[in-house]
Structure formats: structure tokens, C-alpha cells
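**Student:** Structure in C-alpha cells, see below.
Each reported figure results from applying straightforward, stated rules to the coordinates on display, with no laboratory input. Keep in mind the model is a prediction, meaning the values are calculated, not measured. Quick reminder, even Gly has a Cβ in these numbers, built from the backbone with ideal geometry, and neighbours come from all protein chains shown.
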There are 2 protein chains.
Amino acid sequence: MEVKSLEKTIGYKFHNKTLVKTALTHSSFINEKSCSNNNERLEFLGDAVLELVISEYLYKKFPEKLEGELTKIRAKIVCTESLSTVSAKNNLGRYVYMGKGEENTGGRERRSILANTFEAVTGAVYLDGGLEEARKFILRFLKKNINDAANGKLIFDYKTRLQEVAQQRQGSIVEYRVEKETGPEHNKIFYVDLLLDSKLIGKGDGKNKKEAEQKAAYNGLSFLGVLNEK
Amino acid sequence: MEVKSLEKTIGYKFHNKTLVKTALTHSSFINEKSCSNNNERLEFLGDAVLELVISEYLYKKFPEKLEGELTKIRAKIVCTESLSTVSAKNNLGRYVYMGKGEENTGGRERRSILANTFEAVTGAVYLDGGLEEARKFILRFLKKNINDAANGKLIFDYKTRLQEVAQQRQGSIVEYRVEKETGPEHNKIFYVDLLLDSKLIGKGDGKNKKEAEQKAAYNGLSFLGVLNEK
């Protein structure tokens, strides 16, 4: 029943239902039920499928872009931030088999679980239907993000993300402080310090306060090591 | 003529000869002749093809191995050290179009060029013949290395590699010093310091001097940042 609903969401019908069940099984579920397969190996495979499909798409779609730029764009798509966002939007978290402990501590919304599930499902579609089916699946969910990233328009809301992290840390306090402003009125640059529990964890600059704060939040999340946590 | 010889070496005949020429064109050649395409974009694509083919091979061949282990094995194969070694063994360097300056400073033997050429040719085979042809090409050249890596038997000669690096640095002097030995006679451990021009750049330990020196050389190469240089 759950599998059918997921198949509808992702637009792909599995021949091998065991495969999709494995893709949805978080390691915490295994530990509690002592079954044999969790989704980590499929995640390993799915990550490589994503890399190839996105690389080929970028290679063909942007013949004028150099390797360095293509690499940067790809990294913005195949990362926890991007994949967890797509996963959350499509509510994939509800299908994951996970242990009670994981679930009770917010597992269904956890970024790493959401991103890894997306990768594992990608791996399962690839094994079940081959590269072309995997490509269809991936581009259905990520094409807009890829094009946005290529045009410099893929921006995640890092301030909200940092707020989530602070909450998980039992109410740490996040504070943004404009450290200085430079330049003439019509062409100002804002410099913002980001403090977590009064400790400086990131800086950012930008043409307005919002942009500077987003950059500071991104740098703060990098500093905390949560941006690409698995 | 050169293309035909390469095709014989790699066991694949290209439909689109422009593709293979691009795969063989190092950026230094472009700069001198001001043509339009070098192999860097194909290298970007080929890297992703390699990742997928090797991931799938490992996934299917070693169902008992966990994700972490698979990731480590893959990293040992898709790296400059491994790909340049395969490339050199098959003499791919002779086919590369490169600038005179590059050639005169040892470009045909340069690790980064050899590895990148292997990736670019992989990308070209994939675009020209599809995933199955790319898989055949990759496994023909790398299957033994993959299996060796999986069994912990893939060992590169890092001492020789460091010697090459020292030579490129106009005769820097490499020295290994046994710093200490511990344990009983039948179960000794050797600790070796590696010095480059009298400066400590790596340490290594092992059951014999050779093993300790290889480890020290590996650590020294990491320290110098040359192991995965592109």
C-alpha cells in the first residue's frame, strides 16, 4: 500500500518490490528488527547514478561552460541541502522505515535521512529499470534545480536551516549583527556577523542585509559541519 | 592513424572521430594552436561514468560489503594514482595532443595528464557508444585493480612516485630514517621518518622497513598535495 503510494509520487513502478523496500529502510529500523538489509548500499550506488545523470545533462545542455563551472553546479545539486529539500517537498520522509528512537527524535524530517533516501530510491530505480528510467526519475525531480543552479538562481534558505539546527541543540540562540556598512548610499555593502550563543560562527556580506545574513548562515552551517553531513 | 592505433589499444572503435580527438587534446595544445575544444569537459563526464560503473560492479560483486568499505575501495580506483598507472601501462600518453612546452617538461609522463586522459577517453566512449560500451572499456582496464583493491592487495609504489616528484623539483633529496623499532624480535614494528631536503614530510610504520617506508612515502605525497592533483 505504502509502496504503491510512493510509486505514484515518484512516477515509477517497480518490478522488484524488495528493492524499493530496501531503499526505504533506514539503518535504525534494521537495528531494532534485526532484518538484513538497510538502504546504505543503495545510497552508495544512487549517488553515483545521480552524478552521472546530472553530469551528462550539464555537459549537453551547457556546451559553453568549462569543467570547473560544471563541477560547481553539480556539487550544488548532489548535496544534502538540495536532495533533502526535494525529498521533503515530495514528502518522501513518510515512507521511510525507521526505528522508533529515530522517529521520536525527528527522524522523518532529518536532512541527512531525507537526502540519503532520495539517493537510495535513485539507486533502486536504476537497478530495477536501468539508466534511462533513472534519468527520467532524476530529471523529473531535479531539472528545475539544475537549471536554477546553472543560472546562479538556486538559493536555499540557510537562515531557516540554521534555526532548525539551533532548535535541535536545545534552544541555542542565533543572532545576526550588522558589523559595518561600506560604500555610497545607492551601492552599499553590508557586513554581518553571525553568533550562536554569543560565539562568532560565520560572517557574510551582501548588497542588502538579507543577502549578507544568508551568506553568514551558510558559512555558519559550514563551520558547524552540518551542510554536507551524512 | 594515431586514432586507429589508440582504438586498437583500448578495444573500442569510435563512430565519431572528433570525440576521440577532443578526448586526447590537452589544454596546452589549445593554447598554442587556439582551437576550440580541449578534453576537460569530457574528463568531467568520464569521471562520473567511472564512478557509476565501478560502484555498480562493487555493489553487485560484493553483496556483503558495507557502504563505507565500498566507498573506500572506489576511491582507490578513481584517483590520479590508479588511473595514471593504468594509462601509463597502456602507453596512452603517446596519443595526447599537447603543447611543446608541456611536452618538453615531461608532459607525456605527467600523472595528472595521464589520469585525466583516461577519464576523458572514458567520457568519449560513453557518449559515442553508451553505458554498456563504457562499462566494457572500464572493466577491461580496471577490473583487476578493483578486485585487488577489494582484497586489500592494490598497492602502488609510492616510494618511486616520491622519487619522481623529487626529481621534478630539481633534485630534492629524499631520505628515509628508521626512527625506532618496538616489540619482540619476531613481531617488530618499524617507525620511519621521511625527509625531503632534511625537512620531515611524512611518517610511517610497518612490520618491516619496506612497508613503513611505503606508508611514509604515501603520507609525504599527501603532505605535498600531489596524490590527487589534477
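**Student:** How many angstrom lie between the C-alpha centres of region B:89-160 and region B:190-211?
**Tutor:** 29 Å
**Student:** Let me ask something else. Does region B:122-183 come out rounded, prolate or oblate, given a ≥ b ≥ c as the square roots of the eigenvalues of its C-alpha gyration tensor, rounded meaning a/c under 1.5 and, failing that, prolate meaning a/b above b/c?
**Tutor:** Oblate shape, in that a/c is at least 1.5 and b/c is the bigger or equal ratio.
**Student:** Right, another one. Take the Cα atoms of the protein assembly as shown, find their three principal axes, and give me the spread along each one in whole Å, biggest first.
**Tutor:** On the principal axes, the protein assembly as shown reaches 65, 58, 52 Å in Cα extent.
**Student:** Moving to a separate point now. If you place +1 on the Cβ of every Lys and Arg, -1 on the Cβ of every Asp and Glu, and leave all else neutral, what size is the dipole of region B:1-112 about its Cα centre, to the nearest 20 Debye?
**Tutor:** It works out to roughly 400 debye.
**Student:** Averaging sequence separations of C-alpha pairs under 8 Å and six or more residues apart, then dividing by the length of chain A, give the relative contact order as a whole percent.
**Tutor:** 19 percent
**Student:** On to the next question. With respect to the cross-link table entries A:65/B:13; A:4/A:61; A:143/A:188; B:8/B:136, which display a Cα-Cα separation exceeding 25 Å?
**Tutor:** Violating the 25 Å Cα-Cα cut-off are A:65/B:13; A:4/A:61; A:143/A:188.
**Student:** Would you mind giving the mean number of other chain beta-carbons within 10 Å of the Cβ of each residue in B:60-67, as a whole number?
**Tutor:** Shielding by partners across B:60-67 averages 3.
**Student:** Calculate, axis by axis, the spread of Cα positions in region A:1-72 along the three principal axes, and write the results as whole Å, longest axis first.
**Tutor:** That gives 51, 26, 16 Å along the principal axes, largest extent first.
**Student:** Work out the mean other chain Cβ neighbour count within 10 Å for the residues of A:41-49 and drop it here as an integer.
**Tutor:** The shielding value for this peptide is 6.
**Student:** Taking only DSSP H segments of four or more residues, each worth -39500 (n - 2.57), what value at 222 nm results for the protein assembly as shown once the sum is divided by all its residues, to the nearest 500 deg cm²/dmol?
**Tutor:** Result for the protein assembly as shown: -18500 deg cm²/dmol, rounded to the nearest 500.
**Student:** Here's a follow-up. Using unit Cβ charges (K, R positive; D, E negative) and no other charged atoms, how large, in debye to the nearest 20, is the dipole of the protein assembly as shown about its Cα centre?
**Tutor:** Charge dipole of the protein assembly as shown: 780 debye, to the nearest 20.
**Student:** When the dipole is taken about the Cα centre of region B:156-221, and only Lys, Arg (+1) and Asp, Glu (-1) are charged at their Cβ, what size is it in debye, to the nearest 20?
**Tutor:** It works out to roughly 60 debye.
**Student:** Can you give the Kirkwood hydrodynamic radius of region B:34-183 from its Cα pairs, in Å with one decimal?
**Tutor:** About 17.1 Å, per the Kirkwood formula over Cα pairs.
**Student:** Counting only residues 5 or more places away or on other chains, whose amide H sits under 5 Å from the amide H of residue B:202 once H atoms are built in the peptide plane?
**Tutor:** The answer is B:194.
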